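A.B. asks: I'd like to ask you about the structure that follows.
The values are calculated or read from the model by the stated rules, or taken from the named source; none is laboratory data. Treat the numbers as computed from the prediction; the structure is a model and nothing was measured. Glycine also receives a Cβ, built like all others from the backbone with ideal geometry; neighbour counts cover every protein chain displayed.
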Amino acid sequence: MADIHLTLAAKDYDHFQDLKSGAVKPQGIALTCLALYPTDIFHRQLEFGEFEVSELSLCKHASMVADGNGAFVGLPVFPLRMFRQSALYVRRGSPVRQAKDLIGKRCGVPEWAQTATVYVRGWLQNHAGVPLDSIEWIQAGVNEAGREEKIALSLPRGIRCRAVADRSLNDLLLADDIDCIISATPPKASHGDGAKIVRLFADAQTADEGYFRDTGVFPIMHVIAIRKDVHERYPWAAMNLLLAFEEAKERSIRRLSELSPLFPLAWGPNHMKRTGELLFGGGEYWPYGLDANRRTIEAFLAYCHEQGICSRMVAAEELFAPQALSSIKH
């Protein structure tokens, strides 16, 4: 039987490189890999379904699954994971010095349903003592005016979030019309020496590590998704793709762990070892699969429901192809 042809659209991650080069090939699949920026992928995939397989926002995927109209089936492959204590920005010299100072303030987000902001708001409400209804929320583009929500929202009672179409969050913060920005993309006035916008947490890594110790959550931003029509036609492709993603990731980790790594990183292997012990208990580094990531995924889904992004509480298993959740023992 001839291979089926699928297109994968994802950022140019090193842990996908061996799929792109053909060094790793999913069985029965000829894969064309396109290296694109995630926001471009999300727009093209959600609006037009251009790719058979793509990187996708975990937030958008969860929302569609909750509404029962998901056009995609997930694979438990997580290309991007990032702590987001670094995603809070304030004006230099702002009286906002800690999370609790946001009570009674105005806070901007590029989209209420952006994965990064979901995690930050979940932390604020559940761990930092900042009720979401104590903040006035403003939705606008970070550096350009006119950004809109991609999905319909049903905000919980008491949550105020209004869109501003003609100004950016960067400009609103500089004008003192908001007090904080939560965004995966840095505002432009935060760049360079003498920046007028700074991170709320100057030592974000220490804040990140404290968050992880408190919650056990290592935030997952994106997932790999197969278009539903493709999965229905080739259900076997889910497991074959998952196995190929696993192999490509392991090859990447071996490169990073070499004593003479290919990357210009001082003490790279030591950093890998410390990170592995801190985040993964010395077990598999950057694990895929649901079981190893259940705590993070379930916390995220609870945040989504709490914040009006998911219309119901979604079970973690609902996000993924059943074939990709089965365990193979050798």
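A.B. asks: Among the residues of region 263-304 satisfying the criterion of being touching a Pro at 6+ places or on another chain (Cβ under 6 Å) and of a type in the set (Gly, Ala, Ser), which is nearest to Glu209 (Cα to Cα)? Before you say what the answer is, go through the steps one by one.
C.D. replies: We begin by selecting, within region 263-304, every residue touching a Pro at 6+ places or on another chain (Cβ under 6 Å); these are 268, 288-290.
Subsequent filtering for residues that are of a type in the set (Gly, Ala, Ser) retains 268, 289.
Values: Gly268: 19, Gly289: 23 Å.
The selected residue is Gly268.
A.B. asks: Please count how many residues of region 37-84 are within 16 Å of the chain's Cα centre (by Cα) and in a loop (DSSP other than H, G, I, E, B).
C.D. replies: Counting residues in region 37-84 that are within 16 Å of the chain's Cα centre (by Cα) and in a loop (DSSP other than H, G, I, E, B) gives 9.
A.B. asks: If Asn293 meets every condition in (1) surrounded by 16 or more Cβ atoms within 10 Å (Cβ to Cβ); (2) in a loop (DSSP other than H, G, I, E, B) apart from one, which number is that one?
C.D. replies: Condition not satisfied by Asn293: (2).
A.B. asks: Quick check on this structure: which one of Lys273, Lys228 is within 17 Å of Leu56 (Cα to Cα) and of a type in the set (D, E, K, R)?
C.D. replies: Numbers: Lys273 fails: within 17 Å of Leu56 (Cα to Cα).
Answer to the selection: Lys228.
A.B. asks: With the requirement that a residue be free of Cβ contacts under 8 Å to residues at least 40 places away in the same chain and either assigned to a helix (DSSP H, G or I) or within 14 Å of the chain's Cα centre (by Cα) (or both), what does region 100-118 give you?
C.D. replies: Filtering region 100-118 for residues free of Cβ contacts under 8 Å to residues at least 40 places away in the same chain gives 100-101, 103-104, 111.
Those that are free of Cβ contacts under 8 Å to residues at least 40 places away in the same chain and either assigned to a helix (DSSP H, G or I) or within 14 Å of the chain's Cα centre (by Cα) (or both): Lys100, Asp101, Glu111.
A.B. asks: Further question on the same structure: Do any helices (runs of 4 or more DSSP H) lying entirely in region 189-265 carry at least 2 residues that are of a type in the set (Gly, Ala, Ser) and at pLDDT below 95, and which ones are they? I'd like the intermediate steps shown before the answer.
C.D. replies: Values: elements: 204-215, 228-233, 237-257.
So the answer is 204-215, 237-257.
A.B. asks: Write out, first by first residue and then by second, each pair whose Cβ atoms fall under 9 Å of each other, whose residues are 6+ apart or on separate chains, and whose first residue, in region 158-175, is under 14 Å from Arg147 (Cβ atoms) while the second is acidic (Asp, Glu) and in a strand (DSSP E or B).
C.D. replies: If the second residue must be acidic (Asp, Glu) and in a strand (DSSP E or B), the pairs left are Cys161/Glu136; Arg162/Glu136.
A.B. asks: Restricting attention to region 213-247, and to residues there that are over 20 Å from the mean Cα position of the chain (by Cα) and of a type in the set (A, V, I, L, M, F, W, C), which single residue is nearest to Phe72 (Cα to Cα)?
C.D. replies: Taking the candidates together, the pick is Val230.
Table: residues versus (1) among the acidic types (Asp, Glu); (2) surrounded by 21 or more Cβ atoms within 10 Å (Cβ to Cβ); (3) under 25 Å from Asp229 (Cα atoms).
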residue: Phe51; (1), (2), (3): no, yes, yes
residue: Gly68; (1), (2), (3): no, no, yes
residue: Pro76; (1), (2), (3): no, yes, yes
residue: Arg81; (1), (2), (3): no, no, no
residue: Gln85; (1), (2), (3): no, yes, no
residue: Tyr89; (1), (2), (3): no, yes, no
